[in-house]
Amino acid sequence: KAGVTQTPRYLIKTRGQQVTLSCSPISGHRSVSWYQQTPGQGLQFLFEYFSETQRNKGNFPGRFSGRQFSNSRSEMNVSTLELGDSALYLCASSKTSGGFGTDTQYFGPGTRLTVL
Amino acid sequence: AQKITQTQPGMFVQEKEAVTLDCTYDTSDQSYGLFWYKQPSSGEMIFLIYQGSYDEQNATEGRYSLNFQKARKSANLVISASQLGDSAMYFCAMRESENQAGTALIFGKGTTLSVSS
């Protein structure tokens, strides 16, 4: 069974630009969550989508947005990039939303974004 | 507020030794889940083991076991017979409230494990 895939793996942008990252979940998984990882702040939850609806959102500015398509693939967008947005962006998928045990989140390899 | 604390920034062990990575958590919920992930230098987060707050027995998955002490709010990861490939960053994470919408994980700062031959 294929794992979570993320594209692109590496990205270099300049301040003020916008960027779109893509995530394809494990087949059969309907929930997709996004996390930002930086050396200073560690791993922080961005948002979660389930059945094309945002179910939960972390404490990030409105420049960070996302969406989920009917095939459960998800994209996240960051507009007006800032230097501090440089990070590893990780996507995770799980079968459902909420609950434990069977709802383990499986992560993709991440997209490393560098903002110059 | 929910919080995960990993007090060991780095741990050094030799091959075939057992190692314990510490994790304490803070939550006011009765229902929660605890997870351990491994992150090699490549960046991908690899799920290792899960423990539910109502599970009476400690979770085990191959060489990984979770020493769950609910009263002390600790969920330490034990790796038996360390291998060179175990060298990585290890994260403890928690998710609260079985009935709460969303599956957001709260992560600790991580522990870097280095295994030498």
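The values are calculated or read from the model by the stated rules, or taken from the named source; none is laboratory data. The model shown is predicted, which means the values in this text are computed figures rather than measured ones. Note that we place each Cβ from the backbone using ideal geometry, even for glycine, and neighbour counts take in every protein chain shown.
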How about the range B:15-117: which strands (runs of 3 or more DSSP E) wholly inside it have at least 2 residues that are at pLDDT below 95 and within 14 Å of another protein chain (Cβ to nearest Cβ)? B:32-39, B:46-52, B:88-96
Using the structure shown, decide if A:Tyr49 is over 19 Å from B:Phe47 (Cβ atoms), within 11 Å of chain B (Cβ to nearest Cβ) and in contact with a Gly (Cβ under 9 Å, 6 or more places away or on another chain). yes
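Just to verify a result, which residue in the range A:1-37, among those that are among the aliphatic types (A, V, I, L, M) and in a loop (DSSP other than H, G, I, E, B), is farthest from A:Ser72 (Cα to Cα)?
Filtering the range A:1-37 for residues that are among the aliphatic types (A, V, I, L, M) and in a loop (DSSP other than H, G, I, E, B), the one farthest from A:Ser72 (Cα to Cα) comes out as A:Ala2.
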So which pairs qualify, if the first residue must be in the range A:103-116 and more than 7 Å from chain B (Cβ to nearest Cβ), the second must be in a helix (DSSP H, G or I), the Cβ gap must be under 9 Å, and the two must be at least 6 apart or on different chains? A:Leu113/A:Asp85; A:Val115/A:Leu83; A:Val115/A:Gly84; A:Val115/A:Asp85; A:Leu116/A:Leu83
The lone condition A:Phe50 fails out of (1) surrounded by fewer than 21 Cβ atoms within 10 Å (Cβ to Cβ); (2) more than 15 Å from A:Val115 (Cβ to Cβ) is (1)
Hey, B:Asp55 buried (at least 16 other Cβ atoms within 10 Å of the Cβ), of a type in the set (Asp, Glu) and out of contact with any Cys (no Cβ under 8 Å at 6 or more places or on another chain) or not: yes
Tell me, yes or no, whether the range A:2-12 has at least one residue that is surrounded by fewer than 19 Cβ atoms within 10 Å (Cβ to Cβ), more than 10 Å from chain B (Cβ to nearest Cβ) and modelled with pLDDT under 90. yes
With the structure loaded, tell me whether B:Ser42 is without any contact (Cβ under 8 Å) to a residue 40 or more places away in the chain and among the hydroxyl-bearing types (Ser, Thr, Tyr) or whether it fails that test. yes
Going through the range A:66-100 one residue at a time, which ones are surrounded by fewer than 17 Cβ atoms within 10 Å (Cβ to Cβ), closer than 13 Å to A:Gln18 by Cβ and not charged (D, E, K, R)? A:Asn77, A:Ser79, A:Thr80
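Residues are listed down the side, and each one gets a yes or a no for (1) aliphatic (A, V, I, L, M); (2) over 24 Å from A:Gln36 (Cβ atoms); (3) touching a Ser or Thr at 6+ places or on another chain (Cβ under 7 Å):
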site	(1), (2), (3)
B:Gly43	no, no, no
B:Lys73	no, yes, yes
B:Ala81	yes, yes, no
B:Cys92	no, no, no
Condition set of a type in the set (Ser, Thr, Tyr) and part of a strand (DSSP E or B), scope the range A:38-80, selection farthest from A:Asp103 (Cα to Cα): answer is A:Thr38
